[in-house]
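What follows is a single structure, and I will ask about it in a moment.
The values are calculated or read from the model by the stated rules, or taken from the named source; none is laboratory data. Just so you know, these numbers come straight off a predicted model, no measurement behind them. Positions of Cβ are backbone-derived with ideal geometry, glycine not excepted, and every protein chain shown enters the neighbour counts. Accessible surface areas use protein heavy atoms only, side chains included; no ligands, DNA or RNA. Shrake-Rupley method; radii C 1.70, N 1.55, O 1.52, S 1.80 Å.
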Amino acid sequence: EYMGTSLQMAETPHWILQQNKTFTAWVDAQIASRGLKLPTTVAESAFEDGLYLIPLCEVVCKDKCLKYQKKPKLRIHKIENAALALDLLKKHGFVPDVSAENFVDDGSSGGARSAGLTGNLAALKLGFIWQLFVRFTGGDHKGAGDWLLEWVQLRVNGKDRYPGVTVTNWTDCWQDGRSVCALLDSIHTKIIDYSGLNPEASQANWQSALNAAEDLLDVPQLLEAADMVAFTPDDKSVKMYVMCIYNAAMAHEAELASGSLFPEEAPAPVVVAPVAPVAEAAAPAPAPVVVAAPRRKKQNPRDLVSREELIDALCDMYGKLNDRLLRCPHCAADLTEWVADHNCRVPA
């Protein structure tokens, strides 16, 4: 879990908590190819120095930022980094409704941070991630969910194969997990064992769908099964996940059509029939033990990071840690000059 995600959870609406987790998971999936993972959530301070915002923008734009500060200690350096990331987005035709200062000045004076996930800055950053997703990954459409909802409806609504499944919105229609399982089954019947689902096991249905989509379509698990069934789902979180399924289905369209995505039949559950001793042959045979088929092992994108990229990432992490060690824990004042004046030892 990320540090700080429990901040004011009791009074924070569930949709904000779920949106924050979903958007953070999406960002992590984008920057995984750089060997990176956010140190906290997108609505908190993950982008405060620009060192995670820049690779995110580079990945979605498929372009490079200009030279930036890899060890930003001063506020102006952090603002410059964030501004470079936003400039890259503008270069590709996207003008976000957020400024560089919104990422950097995250409660340094005490006001914004005290508002937790319900503050204006948190809302701005969540809105920024949603706009970024829609523009670069979700398709730049007006009414960004309507055409996608129609796509789902054409595949699952009114189908004899999916009795009781009718999708009319992005919230409660998805809560029991049958809609997402039906969608995956409509893409290819080998993705998930739809006939084996239990309509009453909502959380198990969602987990099966999340596992199947990740294993066979490379769709990251942006949602948590427990969150989906405990409360009414957040519409943007569901849209984001379904859009990822749509993009994956389009990317694998040829493989799905030819069946090459499934080079071998999925391993069937193994039925182990215990052998009774000869002396007890007359006794009733024990019930077979069913062992679930193993999930397909996926390679972590972070495993593909080069040695040079790993060294750069470690240097950035060290710089950030060293920066925090040189700040007063009470007022966040920069102690660099004080340390130098008093000949204090700085961790090397």
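Which order do peptides 217-223, 239-245, 176-182 fall in by mean Cβ count within 10 Å, highest first?
Ranked by mean Cβ neighbours within 10 Å, highest first: 176-182, 239-245, 217-223.
Considering the zone a paramagnetic label at N247 would reach in this model (a point 7 Å from Cα along the Cα-to-Cβ line), which residues of region 47-87 have amide N under 18 Å from it?
Hits in region 47-87 for N247 at 18 Å: 53-64.
Could you work out how far apart the two model spin labels at L314 and L66 are, taking each label as a point 7 Å from the Cα in the direction of the beta carbon, and quote it in nm?
About 3.2 nm separates the two model spin labels.
Still on this structure, I have one more. Can you pull the one-decimal nm distance between simple spin-label points at K90 and S195, each 7 Å off the Cα toward Cβ?
The modelled label-to-label distance comes out at 5.9 nm.
Write down the radius of gyration of region 139-223 and its Dmax, each obtained from C-alpha positions, in Å.
Values for region 139-223 (Cα only, Rg and Dmax): 12.6, 38 Å.
Using the Kirkwood radius built from alpha carbon pairs, what does the Stokes-Einstein equation give as D for region 180-223 at 25 °C and 0.890 mPa s, in µm² per second? Mind dumping the intermediate values first?
Working: Rh = 10.4 Å.
For the chosen part, D equals 237 µm²/s.
What whole-number value in Å² describes the accessible area per residue of region 28-77 for a 1.4 Å probe?
Result: 43 Å² per residue.
Now for a different question. Can you give me the accessible area per residue for region 201-267, using a 1.4 Å probe, in Å²?
42
Still on this structure, please answer the following. Largest first and to the nearest Å, give the Cα extent of region 119-265 along each principal axis.
Extents along the principal axes, in whole Å: 50, 34, 26.
What order do you get for 198-204, 49-55 when each peptide is scored by the mean count of other beta carbon atoms within 10 Å, highest first?
Listed from highest to lowest mean packing, they are 49-55, 198-204.
Give me log10 I(q)/I(0) at q = 0.18, 0.27, 0.28 Å⁻¹ for region 197-259, Debye formula, one equal scatterer per alpha-carbon, no solvent.
Relative scattering, expressed as log10 I(q)/I(0), comes to -0.69, -1.17, -1.20.
Moving on to the next point. If one computes the Cα centroid of region 221-262 and of region 14-51, what distance in Å separates the two points?
19
At a Förster radius of 35 Å, what calculated FRET efficiency corresponds to the Cβ-Cβ distance of D97 and A204, to the nearest 0.05? Display every interim value, and only then the final one.
Details: r = 40 Å, r/R0 = 1.13.
Efficiency for this residue pair is about 0.30.
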